[in-house]
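To start, the structure under review is shown below, and the notes come after it.
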Amino acid sequence: MVLKNSAKNMTIAEALRLRIELTTKRDSLQRRINNNLLMKADAKLIDAPHILIREAFSVNKEIYELTNRIEATNSVTKTIHGRKVLNVLADRKAFINQQRIIQQAIDKINEDYHLYKQDATWILTISMNDLQKHYDEVTAQLHQCNLEIQASNWQIDLI
């Protein structure tokens with residue numbers, strides 16, 4: 001996988017897929033490096049770590065260059081709904097964090113259920129139904145962001 005040749009005319013979606021493949025390759029090279037750092041004195045070296053390190057650095061550079069192009073593209077292009085891709089990605093991150101906040105509150109209520117169920121002095125300050133409704137609303141907004149991003153990623157060419 002050579003970035004300069006394979007990333008000429010590709011969409012963001014294709015670039016994201018390539019980045020995953022490159023990351024997998026880099027991780028595999030790291031495992032091979034680690035597995036070849038020590039060997040028995042009478043054993044034969046399978047992979048030379050210095051060569052693997054050089055190859056891992058090269059793949060890492062490809063990932064870095066591809067990531068920069070993806071981010072540059074996201075900063076100047078618009079989704080199929082006319083919103084800047086970067087803004088939709090920021091919205092998605094906010095929805096993911098909101099979802100996490102609500103989920104942790106739901107988990108805490110479930111964890112402490114025995115307290116307020118057995119002892120009448122404990123009361124819920126927010127209903128589980130309200131939390132779940134709010135969670136479902138945030139999840140729907142997150143889903144819409146994901147759809148907008150995914151649909152756009154197949155339409156936008158990488159810069």
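The table that follows gives values for the structure above.
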| item | result |
| --- | --- |
| Residue-level accessible surface for L147, protein heavy atoms, 1.4 Å, Å² | 80 |
| Computed accessible area, E65, all protein chains, 1.4 angstrom probe, square angstrom | 50 |
| Per residue, the convex hull volume that the Cα atoms of the range 19-88 enclose (Å³) | 75 |
| Accessible area of the range 12-159 belonging to carbon and sulfur atoms, whole % at 1.4 Å probe | 55 |
| Isotropic mean projected area of the C-alpha convex hull, the range 71-159 (nm²) | 6.7 |
| Centre separation in Å (Cα based) which lies between the range 16-94 and the range 96-110 | 31 |
| For the chain, built as a Gaussian network whose Cα springs stay under 10 Å, the top-fluctuating residue of T79, T23, T11 | T23 |
| Cut-off of 10 Å, at most 13 other beta carbons, DSSP loop: longest stretch of the chain lacking such chymotrypsin sites (Phe, Trp or Tyr not before Pro) | 1-121 |
| For the range 18-159: accessible area per residue (Å², 1.4 Å) | 70 |
| Over the chain, relative contact order from alpha-carbon pairs under 8 Å, at least 6 apart, % | 35 |
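The values are calculated or read from the model by the stated rules, or taken from the named source; none is laboratory data. Bear in mind the structure is a predicted one, so any value in this text is a computation, not a measurement. A quick note on method: Cβ atoms are made from the backbone with ideal geometry, for glycine too, and the neighbour counts reach across all protein chains shown. These area figures cover heavy atoms from the full protein model, side chains too; ligands, DNA and RNA do not enter into them. Shrake-Rupley method; radii C 1.70, N 1.55, O 1.52, S 1.80 Å.
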